[in-house]
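Visitor: Please find one structure pasted underneath; my questions will follow.
Every read-out reported here was derived from the displayed coordinates using simple, explicitly stated rules and does not represent laboratory data. Remember, predicted model here, so these are calculated numbers, not experimental data. Quick reminder, even Gly has a Cβ in these numbers, built from the backbone with ideal geometry, and neighbours come from all protein chains shown.
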Amino acid sequence: MIKKDEKFNESYYREWLCDRYVFNEERRAIVQFYLKMVLSRKNKIERILDIGCGYGYFLNACIESGISEVYGADISNSAIEKSRILKRAKIIQLDFSKEKSSFESNFFDAVTAFDVIEHVEDDDFFVEEVYRVLKKDGVFFFITPNGDSWPRDVYMKLIYGRDDPTHINVQGWRHWKDLLEKVGFRGIEIKGSLIHGFPPTTTLRGKLKGFSTVKPILIPIQFASKILDRLFIFATK
């Protein structure tokens, strides 16, 4: 087991993901939407890995959907402790940006990483390891902030007063496309979210209830790369 990473303790989750990082109806809708996107690209999934699984909310959606083998990996002790309440999920503590996993090559039908890769210093190592553990025709789906977006900078300053200091690798879509192709991925599909949750804060969404939405409006990134705030990226091995 790696040493506890103090950067991603409970205080981090409270500050940057708000105290509402709980498995409420909104969070359930978000992870179910993500899973629906994965299943639309790979309808038969028997074994899935979520890197940066956090408290296990996406893992829970995978279990509820009937996926046979559900795996999670995270660097955070705090996250691991909370996610291990999911008895059917196999969860390990691992830094995918530095450590080769013990998983066999060609092991998973799908690998996901939501809001993870922007924290990774060695993204070549990360993506190569994902490629290794995926089966032939397996899918990799990740979400990350759009490094080309000017509204994102405004949003972070308005809501938080600064950017997340652990975001050390925020890139534009071309960076990720080039890296995925270099490693050997194909069928790369990149979209950006015009609206990712509206209104943009959980507090306002909670007050408006029926007048709010958590489903992002997605459009091809090439059409509006400067205004789309997050990247939704699919690639096939």
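Visitor: Which value in nm describes the separation of the simple spin-label points at N43 and L194, placed 7 Å from the Cα toward the beta carbon?
Guide: Placing both labels 7 Å along Cα→Cβ, they lie 2.9 nm apart.
Visitor: Too long at a 28 Å Cα-Cα cut-off: which of K177/K207; K98/K215; K36/K177? Numbers along the way, then the final one.
Guide: Values: K177/K207 39 Å; K98/K215 33 Å; K36/K177 23 Å.
Pairs exceeding the cut-off: K177/K207; K98/K215.
Visitor: Enumerate the amide H contacts of F107 below 5 Å, restricted to partners 5 or more residues apart or on another chain; note that Pro and chain-start residues carry no placed amide H.
Guide: Counting only residues 5 or more places away or on other chains, the set is L134, K135.
Visitor: Can you tally the net charge around Q222? Count Lys and Arg as +1, Asp and Glu as -1, for every other residue whose Cβ sits under 12 Å from the Cβ of Q222. Intermediate values should be presented prior to the final figure.
Guide: Details: positive: R174, K177, K191, K226; negative: D148, E189.
My count for the surroundings of Q222 gives +2.
Visitor: Return the sequence-ordered ³J(HN,Hα) values of region 83-99 in whole Hz as given by the Karplus equation 6.51 cos²θ - 1.76 cosθ + 1.60 applied to θ = phi - 60°, using x for Gly and Pro.
Guide: So the Karplus estimates, Gly and Pro as x, are 6, 6, 5, 7, 5, 8, 9, 9, 10, 10, 9, 7, 9, 5, 7, 9, 10 Hz.
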